[in-house]
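As structure tokens, the structure follows; a few thoughts come after it.
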Amino acid sequence: VQAQVRETKSQFEKLKNDVCQKVDMLGASRCNMLSHSLCTYQTTLLQFWEKTANAMSGIHEAFRGHTPYQFTTIKHLRDPLEQVSDSSKQEKDVMALQSNTDRWNVAAQ
């Protein structure tokens with residue numbers, strides 16, 4: 001019985017070592033795969049930024065010599081709907097004044 005236990009234990013130790021080696025191999029494989037992916041990503045990103053830098057340099061050169069605009073600031077911004085309502089109020093006020101003056105003119109005659 002003890003011989004069988006020793007043999008089973010030695011088989012278990014061998015299998016345990018095999019599993020540990022496989023886990024280590026899988027870990028190394030994943031690290032290599034990640035490293036390769038990151039290298040490709042880094043190269044692609046570098047090419048993108050080089051193209052972007054070249055395009056921006058071209059734009060900068062194209063705008064060289066243009067005169068800048070003189071900007072003025074607006075201190076108070078109004079909502080367009082408020083402007084419409086204000087203009088309609090002004091029209092109503094003008095109409096009321098005209099009708100009042102018409103009444104006074106008729107009464108004065």
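What follows is calculated from the coordinates using simple rules that are stated; it is not laboratory data. Remember, predicted model here, so these are calculated numbers, not experimental data. Using ideal geometry, Cβ is built from the backbone for each residue, glycine included, and neighbour counts are taken over all protein chains shown.
Tabulated values for the structure
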quantity: Net charge over other residues, Cβ less than 13 angstrom from the Cβ of GLU7 (K, R count +1; D, E count -1); calculated: +2
quantity: Cross-link partners of LYS22 among lysines (Cα-Cα below 19 Å; sequence separation of 8 or more within a chain); calculated: LYS14
quantity: Theoretical gain in end-to-end length, LEU97 to LEU34 [0.36 nm per residue, Cα-Cα removed]; calculated: 14.5 nm
